[in-house]
Amino acid sequence: MNTIIEHLKSYNADFEYKINRTRKESYELFFVKGSLETVRNTDNCDREVTIYVTHGAYKGHSSFFVYPSTTEAELDRLIGQTIEKAALISNPDYALPAAQTGEYAIETNFTDYDAADLAAEIANTVFGANTLAVTSLNAVEVFINRITETVVNSNGLHKQQQRWTAMVEAIPTATEGGESVELYEQVNFNALDLESLGREIADKLSQAKARHDAKRLTVTGAPKVILNSQELMELFWNFADDLSYSAVYNHHSVYKKGDALQTAPEGDRLGITMAASYPGCAGSRAFDADGLALTRQRLVDGGIAVGCYGSNRFGQYLGEEPTGVLPILTLDPGTAEEAEFVTGPYLEVVSMSGIQTDFYADYVGGEIRLAYWHDGETVRPVTGVSISGKLSDVLNHIRFSKECALFGNYYGPKKAVIEGMNIF
């Protein structure tokens, strides 16, 4: 880092710079059919240099990476080439973040454990979650990561954050009658909660068996549909992306501040807040890639768009105070009681190929890989069906559960009930 800065400062040209250094130390376990095949330690460090050249009312930027094999002569050549590239780009001018310094540690309980012991605890929990005779875990990988991120810029900003993450990748498999079904599961977290982890893996193993047993569904009418955390995360990240500074500035957004996302709400009022951190969430951060301090930003309140969020550059373009790139979406809990989710007939979505939204066409839907059909008396797994409906109707009538859950970079209602969806 010091060598890079010395060469940047000694270069005979007028430019600004930013350096992002990311060091990732990991302890990794690889299992095949329940047998530990490989134990691996890694230590990787990436260094990215971004150069900014201001010319008239414009500013351009370009980047390059510095590797352990990069010589000082090559470094000088890369700096020169990158200055030339940046000078060819004519974005409106903006200021780099001002001088700030600080060291931050993202809250975690991983530091209470030795990495090998932590990985073993996680692996034992994952394998212990399999209680079904027809299911197995064909492959399991466990990663314990300590990530140290440093940002330095030419204005005197110098920040460092250390965060821990764990990732479990698993292939839950159900084999019965000479046929097998494999699913893929990835769990990311930054706090050890063995009970929650075991429950999530057990649910996925149950889903593998259900997918094996699932049949096509033929249903008439439009019974209610239950969405779970994954689909809620995907659905409402679309709205968060639409309210980002870059989308608004580039005229890609449908909504702007003051617009109603719910035009005639009869269900729960929608509330979305972007956050820097949440306990247990692997996406938690103290600052973004530009070094901007991250806190919270309310995007939607009572079904009305009230704010936007995003990077330093696009925030300045819009005349907003830059919030930084906030990594976590939090959705307000709802008012629905558990009884509203367990009365039939209804279709509970477990897995989709991806929920699709089209703001212009007022559409929401997608292909269902696995769901549970409740006819009021029996429950059976189904597959090979799709759902579709009017997005505006869904938003106006959606009911969210009071119970919340953490899923990836989403924290919010665990379930939602929507009406009027076509099932085909």
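Six or more apart or on different chains, Cβ atoms under 7 Å: show the pairs whose first residue is in the stretch 331-348 and of a type in the set (Asp, Glu) and whose second is surrounded by fewer than 20 Cβ atoms within 10 Å (Cβ to Cβ).
Between residues of the stretch 331-348 that are of a type in the set (Asp, Glu) and residues that are surrounded by fewer than 20 Cβ atoms within 10 Å (Cβ to Cβ), the close pairs are Glu348/Tyr372.
How many of the residues making up the stretch 53-62 are more than 24 Å from Arg23 (Cβ to Cβ) and part of a strand (DSSP E or B)?
6
Within the stretch 364-379, does at least one residue satisfy the condition of being of a type in the set (A, V, I, L, M, F, W, C), part of a loop (DSSP other than H, G, I, E, B), farther than 30 Å from Lys59 by Cα and assigned by TED's automatic domain parsing to the domain that holds Ala276?
no
Could you check, for the stretch 31-39, whether at least one of its residues is in contact (Cβ under 8 Å) with a residue 24 or more places away in the chain and under 30 Å from Tyr317 (Cβ atoms)?
Checked against the condition, which is being in contact (Cβ under 8 Å) with a residue 24 or more places away in the chain and under 30 Å from Tyr317 (Cβ atoms), the stretch 31-39 yields no hits at all.
Mind listing whichever residues of the stretch 239-297 are assigned to a loop (DSSP other than H, G, I, E, B), farther than 27 Å from Arg21 by Cβ and among the charged types (D, E, K, R)?
Matches in the stretch 239-297: Lys256, Lys257, Asp259, Glu266, Asp268, Arg269.
Considering only residues that are assigned to a helix (DSSP H, G or I) and either of a type in the set (A, V, I, L, M) or in contact with a helix residue (DSSP H, G or I) (Cβ under 8 Å, 6 or more places away or on another chain) (or both), look in the stretch 314-334 and name the one that is farthest from Ile272 (Cα to Cα).
This residue is Tyr317.
Return yes or no: is Leu299 surrounded by 21 or more Cβ atoms within 10 Å (Cβ to Cβ), assigned by TED's automatic domain parsing to the domain that holds Pro223 and either under 27 Å from Tyr372 (Cα atoms) or not polar (S, T, N, Q) (or both)?
Here the answer is yes, as Leu299 does meet what is asked.
So is Glu176 surrounded by fewer than 19 Cβ atoms within 10 Å (Cβ to Cβ), of a type outside the set (Phe, Trp, Tyr), farther than 13 Å from Ala139 by Cβ and touching a residue at least 24 places away in the same chain (Cβ under 8 Å) or not? Even if it seems obvious, please write down each step before you answer.
Values: surrounded by fewer than 19 Cβ atoms within 10 Å (Cβ to Cβ): yes; of a type outside the set (Phe, Trp, Tyr): yes; farther than 13 Å from Ala139 by Cβ: yes; touching a residue at least 24 places away in the same chain (Cβ under 8 Å): yes.
Considered against the rule, which asks whether it is surrounded by fewer than 19 Cβ atoms within 10 Å (Cβ to Cβ), of a type outside the set (Phe, Trp, Tyr), farther than 13 Å from Ala139 by Cβ and touching a residue at least 24 places away in the same chain (Cβ under 8 Å), Glu176 comes out as yes.
Spot the failing condition for Lys204; the list is (1) over 30 Å from Tyr113 (Cα atoms); (2) outside any loop (DSSP other than H, G, I, E, B), and only one is missed.
(1)
Being in contact with a helix residue (DSSP H, G or I) (Cβ under 9 Å, 6 or more places away or on another chain), more than 18 Å from Met1 (Cα to Cα) and modelled with pLDDT of 95 or more narrows it down to one of Val140, Val66, Val152, so name that one.
Val140
Out of Thr131, Thr150, Thr125, which single residue is assigned by TED's automatic domain parsing to the domain that holds Lys18, closer than 30 Å to Met167 by Cβ and surrounded by fewer than 13 Cβ atoms within 10 Å (Cβ to Cβ)?
Thr131
Could you please let me know if Phe287 is surrounded by 19 or more Cβ atoms within 10 Å (Cβ to Cβ) and closer than 29 Å to Val187 by Cβ?
Considered against the rule, which asks whether it is surrounded by 19 or more Cβ atoms within 10 Å (Cβ to Cβ) and closer than 29 Å to Val187 by Cβ, Phe287 comes out as yes.
Looking at Glu103, Glu48, which one is in contact (Cβ under 8 Å) with a residue 24 or more places away in the chain, part of a strand (DSSP E or B) and surrounded by 14 or more Cβ atoms within 10 Å (Cβ to Cβ)?
Working: Glu103 fails: surrounded by 14 or more Cβ atoms within 10 Å (Cβ to Cβ).
Residue meeting the stated conditions: Glu48.
With the requirement that a residue be of a type in the set (Ser, Thr, Tyr) and part of a helix (DSSP H, G or I), what does the stretch 75-100 give you?
The answer is Thr82, and nothing else.
The values are calculated or read from the model by the stated rules, or taken from the named source; none is laboratory data. What you see is a predicted model, and the numbers here were worked out from it, not measured in a lab. Counting neighbours? That spans all protein chains shown, and the Cβs are built from the backbone with ideal geometry, glycine included.
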